[in-house]
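The values are calculated or read from the model by the stated rules, or taken from the named source; none is laboratory data. Worth saying up front: this structure is predicted, and the values here are computed from it rather than measured. Cβ coordinates were reconstructed from backbone atoms using ideal geometry, including for glycine residues, and neighbour counts include every protein chain displayed.
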């Protein structure tokens, strides 16, 4: 808008800076493809949620959450019971698995970042952790089955299911915690060391508190993943109906309940599977929400 | 632009929420922000003995480098330096980027060896004791020789108070005697760093919420809290604006009453303003060291002259 300066070649300038039709077409094509891809990816997700809600919500009731499944499924009039034992079993099994996997996993991550660094052994550990991440979950179940059930000649138990889930969670916890610990600025460690702090205090008082929100996120995602696993529990914690608070006993869990219910010929039992599936998804969704809320408060993001 | 009629050159540059300290040197008769003025109770006004209630004024210790060499892997970054830093004096290290200034300074409190693959040779005498002696505890060395880094890095999870207290809590050996003692030590460290008047009403606020210059003085307070005999400053003002820089420089002037200061700087005017002695380094070697005035006005080495007059590189 300035008055100064001549504009002898305004037409030329416009021509030079105009968007060419070819580029406009390419831009629109690329945008279209990306949008289509996004929509396609969302379709199955929306369908899963739709079916879960439409089929599962119907079986939700107070009794559904407060009674154990009965196994009495032969007559239309019989009460099939709810999923109380499965919910409590899942919480107990996953809680024990978390209590073992989280401290060990964070310990390994601290060692990798603060001590092992790029030593040959640290890289070996990283390699094994990566391999473990890719192992199918049923293999962990088989391993526990062979070692703790066939190997000891004993029976199924809740804690054996927990151990299978522990193996599943460990690599996820280690990897996510390691990534977060690497984000802690080196300057913080340096200035703490320069104050004359011993290394363990630098880790306990500076590094871990700084990394805490991020680590909680990673840990909760690992917990959510473990909570949804069926395969490792099938032949470690077994299938049962009763609620148990003894991790040495058979223990029911949501994924296993769903697995055994959907194969039933009785419609009401299949509906119970939908209700249980919706319950599991809601529980995991809540965990994810908590993880997000905490990571929003992260100081490293 | 100016807020009142008495503005000096610097004051007129300041924003309207002017910080209390005057820019006139070491006299810090600071009016508080609400204008009530006058020195705070318990603090001598003249800055001669910065508030150290109860404890006698501490003296700095000299540091002497003998044949110091530092390596990163096989690369020799510091190539045999002999240099003495006098007690209770400010020594500035100048030189182009990559000449080994920072590396040399980090060897003094043995922070150099924290970098994987890095090592040092030669002797670093604190007073008469070699800090590289096998029997010496590296943690104790770092308590005696504090460090302030280029980027202000207060601990992000901690309040202003906890940041300063961290210096005491983290270094077990000089732990506080009790809650009241901790409080008074934190206060005296904050006063020593010229920050008390600005933060005394928000000690519980996060340390990372302060301005850049305040953060850097917070870091200085943090190192002062452990009562070191030497403070190493690695380009402490390079991330700060001129006003914050000025405050740090005034602070350095005060601090040398009780500690020995080594400051690495890229800013030659800064070296000229704060340093008693200046050392010029080039490619890992010490070219020249002497009284600051001589280095800048009458250097004996032609390379020094070229560098300080800006003909270099």
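Against the test of being surrounded by fewer than 21 Cβ atoms within 10 Å (Cβ to Cβ) and not in a helix (DSSP H, G or I), the options B:239, B:244 yield a single qualifying residue, B:239. Quick one: in region B:122-145, of everything that is touching a residue at least 60 places away in the same chain (Cβ under 8 Å) and away from chain A (no Cβ under 13 Å), which residue is surrounded by the fewest Cβ atoms within 10 Å (Cβ to Cβ)? It comes out as B:127. In region A:127-206, counting only helices (runs of 4 or more DSSP H) that sit wholly within it, the ones holding 2 or more residues that are more than 14 Å from every other protein chain (Cβ to nearest Cβ) and in contact (Cβ under 8 Å) with a residue 12 or more places away in the chain span A:137-144, A:158-183. Of the helices (runs of 4 or more DSSP H) lying entirely inside region B:251-313, those containing at least 1 residues that are out of contact with any strand residue (DSSP E or B) (no Cβ under 7 Å at 6 or more places or on another chain) and under 27 Å from residue B:76 (Cα atoms) span B:302-308. Considering A:210, A:217, the condition of being within 14 Å of another protein chain (Cβ to nearest Cβ), touching a residue at least 60 places away in the same chain (Cβ under 8 Å) and assigned to a helix (DSSP H, G or I) is satisfied by A:210 alone.
Quick grid of which residues meet (1) modelled with pLDDT of 90 or more; (2) over 21 Å from the mean Cα position of the chain (by Cα); (3) under 28 Å from residue A:116 (Cα atoms):
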| residue | (1), (2), (3) |
| --- | --- |
| B:137 | yes, yes, yes |
| B:141 | yes, no, yes |
| B:163 | yes, no, no |
| B:172 | no, yes, yes |
| B:176 | no, yes, no |
| B:218 | yes, no, no |
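Residue B:159 meets the conditions (1) over 27 Å from residue B:105 (Cα atoms); (2) crowded, with 22+ Cβ neighbours inside 10 Å in every case but one. The failed one is (2).
Yes or no, residue by residue, for (1) in the same structural domain as residue A:50 (by TED's automatic domain parsing); (2) surrounded by fewer than 19 Cβ atoms within 10 Å (Cβ to Cβ); (3) modelled with pLDDT of 90 or more:
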site: A:220; (1), (2), (3): no, no, no
site: A:225; (1), (2), (3): no, yes, no
site: A:231; (1), (2), (3): no, no, no
site: A:240; (1), (2), (3): no, no, no
site: A:256; (1), (2), (3): no, no, yes
site: A:268; (1), (2), (3): no, yes, no
site: A:274; (1), (2), (3): no, no, yes
site: A:279; (1), (2), (3): no, no, yes
site: A:291; (1), (2), (3): no, no, no
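For region B:194-216, name all the residues that are crowded, with 18+ Cβ neighbours inside 10 Å and either in a strand (DSSP E or B) or within 14 Å of chain A (Cβ to nearest Cβ) (or both). Within region B:194-216, B:207, B:208, B:215, B:216 qualify.
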